[in-house]
Amino acid sequence: MPDRTRLRAEFFRVIGHSLRIDIIVALKDGEKTVTELADELSVIPNTVSQQLVPLRTRGLIRVRREKTHAYYSVTDPSIHALLDLAARIIEKRGRDGGRL
């Protein structure tokens, strides 16, 4: 498998978890702490922290530390455009009676 194809597959594998997608979407308006993300997504902070790890280790999320707080943000805002495009594709497939 070509390197480029392998990297694309890895990218989609990393974001291919519903909570990870929710986290990325929640970060669209700017950086947030684990507690803020957990409150917004109605999950416990530990669950958010666990899902941030693969996003951070693959370079999709960055952390900025300030005193005792850690603030998370996306490294490349174009990921939001990708998720918006996916939503439009899904919406169109639904209108056309198609499935994924």
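The values are calculated or read from the model by the stated rules, or taken from the named source; none is laboratory data. Computed from a predicted structure; not experimentally measured. Methodologically, a virtual Cβ is constructed for each residue, glycine included, from the backbone with ideal geometry; neighbour enumeration extends over all protein chains shown.
For Asp76, the conditions (1) in a helix (DSSP H, G or I); (2) out of contact with any helix residue (DSSP H, G or I) (no Cβ under 9 Å at 6 or more places or on another chain) all hold with the exception of (1).
Here the range 54-78 is the region considered, the condition is being of a type in the set (A, V, I, L, M, F, W, C) and over 11 Å from the mean Cα position of the chain (by Cα), and the residue that is surrounded by the fewest Cβ atoms within 10 Å (Cβ to Cβ) is Val63. Checking each residue in the range 37-47 for being out of contact with any strand residue (DSSP E or B) (no Cβ under 9 Å at 6 or more places or on another chain) and either surrounded by 13 or more Cβ atoms within 10 Å (Cβ to Cβ) or not in a helix (DSSP H, G or I) (or both) picks out Ala38, Asp39, Leu41, Ser42, Val43, Ile44, Pro45, Thr47. The set of residues in the range 60-73 being in a loop (DSSP other than H, G, I, E, B) and modelled with pLDDT under 95 consists of Lys67, Thr68. Applying the condition of being exposed (fewer than 12 other Cβ atoms within 10 Å of the Cβ) and part of a helix (DSSP H, G or I) to the range 10-32 and asking which residue is nearest to the chain's Cα centre (by Cα) yields Ser18. A single member of Leu37, Leu27 is touching a residue at least 12 places away in the same chain (Cβ under 8 Å), touching a helix residue (DSSP H, G or I) at 6+ places or on another chain (Cβ under 6 Å) and within 18 Å of Ile79 (Cβ to Cβ), and it is Leu37.
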